[in-house]
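In what follows, a single structure is set out as structure tokens and then discussed.
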Amino acid sequence: MCAAAGLVDWWKNLKIESLTLREIHLRLKSSFETSFGTIRERRILLVEACSDGLTGWGEVTAGEGPFYNSETTDTSWSIFCSFVAPLSIGKDIEGPGDLPALLQPIRGHEMTKAALENAFWDIESQRRGVPLATLLGGTAREIPCGVSLGIQSEPEALLALIEKELAAGYQRIKIKIKPGKDLEFIAAVRKRFPSVKLMVDANSAYRLEQAAHLKKFDAYDLMMIEQPLAWDDIFDHAKLQAGIRTPICLDESIHNSHHAAAAIELRACQIINIKLGRVGGHSEARRVQDVCRQRSIPVWCGGMLETGIGRAHNIAMSSLPGFVLPGDVSASQRYWDEDIIEPEVKVSSEGTIVVPTTPGLGYSVRGKRIEQLTVRRQEFHPNKAQVAVEGVA
Ligand code: OSB
Ligand code: MG
């Protein structure tokens with residue numbers, strides 16, 4: 001825990017006084033199947049940062065295995081302990097916007113770095129006494145929400161799920177697809193729900209050679225197809241987009257604003273999904289949003305089955321003006337029996353989440369519950385870390 005709060009002088013530098021990394025285990029209410037595998041038991045890393053008597057929280061959005069991107073819970077633990085904490089602990093920064101430069105020597109590992117930076121955006125928001133959304137440049141009072149539905153065994157099961165989510169108010173439906181689990185499902189959904197906002201997410205399950213097959217999706221008035229081709233590709237997506245009408249949305253391939261500019265200029269996509277972890281934190285996420293807005297490319301906020309901490313950061317980010325499409329940010333109750341924040345994230349009957357107006361995350365973090373869920377923890381303080389840095393530098 002942090003030392004007691006003193007005078008909060010936001011114009012002064014922030015010192016990175018202590019960091020705590022925790023792994024918590026949390027079971028999803030129901031398993032989530034994508035083209036790369038099925039997820040049920042989540043192993044999630046949380047970063048708790050202290051500065052000026054204030055506490056900030058960030059979440060590492062890496063998966064348990066390297067199947068969405070190359071990061072995992074365990075690689076993130078290792079990179080955080082060996083590199084992120086030693087590079088940052090004890091340092092003075094003007095604000096969280098300085099963290100990307102501080103962590104710049106570490107290549108990749110965006111989700112690990114994002115958790116630290118986002119924790120400091122939480123702190124900065126508190127010490128300035130402004131809501132996190134406002135601090136980031138957000139203006140929306142509520143954000144439009146969609147749901148992401150995992151691959152089901154039969155179209156009937158998917159239709160039942162969609163029925164339920166539409167009744168709850170969600171504004172758009174995303175369904176996960178993979179070869180063999182695509183057209184039949186899309187056709188069934190379109191037939192039952194002729195006017196619903198519908199999109200599909202392939203998580204890199206197809207190859208350019210399957211363009212003729214993907215072109216058949218054009219008949220179903222999809223808002224977009226998300227990441228049909230390889231996780232690290234932009235070029236083939238441009239070739240695919242030239243031959244299909246359904247707009248392509250990139251997720252996995254966009255790690256920074258430079259990638260976004262390149263993908264847009266190459267016409268590899270018409271929409272971009274921004275995930276805070278994937279792009280390395282709020283600073284870069286805002287830049288991706290800027291690049292897209294300048295080029296009239298709509299963006300929306302993706303999800304990574306986050307706890308309330310990651311979800312609160314997603315809500316704040318989604319209030320930025322470029323986020324014009326419903327995102328994958330939905331109610332806590334869809335994921336967890338009990339979240340780790342209070343109150344839980346709730347969605348209105350119009351399918352929106354109200355953006356909090358209090359400083360910080362806008363939700364309180366349930367410390368005791370986190371303690372109960374913790375399976376390992378590591379603390380970092382300036383003096384100890386300097387020893388660790390010697391072996392690293
Ligand atoms: O591609 O958007 C994705 C979950 C895990 C990994 C990748 C993705 C997803 C989701 C879930 O679609 C979105 C959510 O509800 O958090
Ligand atoms: Mg996706």
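Please determine, by comparing only the residues of the range 27-70 that are assigned to a strand (DSSP E or B) and of a type in the set (Ser, Thr, Tyr), which one is surrounded by the most Cβ atoms within 10 Å (Cβ to Cβ).
Restricting to residues being assigned to a strand (DSSP E or B) and of a type in the set (Ser, Thr, Tyr), the top hit is SER51.
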Elements of type helices (runs of 4 or more DSSP H) in the range 236-330, at least 3 residues being touching a Phe, Trp or Tyr at 6+ places or on another chain (Cβ under 7 Å), surrounded by 18 or more Cβ atoms within 10 Å (Cβ to Cβ) and in contact (Cβ under 8 Å) with a residue 12 or more places away in the chain: 308-318
With the structure loaded, tell me whether ASP251 is closer than 29 Å to THR134 by Cβ, of a type in the set (Asp, Glu), at pLDDT 95 or above and within 14 Å of ligand 2 (Cβ to nearest atom) or whether it fails that test. yes
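Tally time: how many residues in the range 99-111 are at negative phi and either crowded, with 18+ Cβ neighbours inside 10 Å or in contact with a Pro (Cβ under 8 Å, 6 or more places away or on another chain) (or both)?
Matching residues across the range 99-111 total 5.
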The range 342-380, residues that are in contact (Cβ under 8 Å) with a residue 60 or more places away in the chain and aliphatic (A, V, I, L, M): VAL347, ILE353, VAL354, VAL355, LEU361, VAL365, ILE370, LEU373, VAL375
Among what's in the range 216-238 and is of a type outside the set (Asp, Glu), touching a helix residue (DSSP H, G or I) at 6+ places or on another chain (Cβ under 6 Å) and farther than 18 Å from PHE185 by Cβ, pick the residue that is nearest to ligand 2 (Cβ to nearest atom). LEU229
Identify the single condition in (1) farther than 24 Å from SER30 by Cα; (2) within 21 Å of the chain's Cα centre (by Cα); (3) among the hydroxyl-bearing types (Ser, Thr, Tyr) that THR352 does not satisfy, given that it satisfies every other one. (1)
Yes or no: the range 268-288 includes at least one residue that is modelled with pLDDT of 95 or more, within 14 Å of ligand 1 (Cβ to nearest atom) and closer than 26 Å to PRO194 by Cβ. yes
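The values are calculated or read from the model by the stated rules, or taken from the named source; none is laboratory data. Note that the coordinates shown come from a computational prediction; the quantities given were computed from them, not determined experimentally. Cβ: placed from backbone, ideal geometry, glycine included. Neighbour counts: every protein chain shown.
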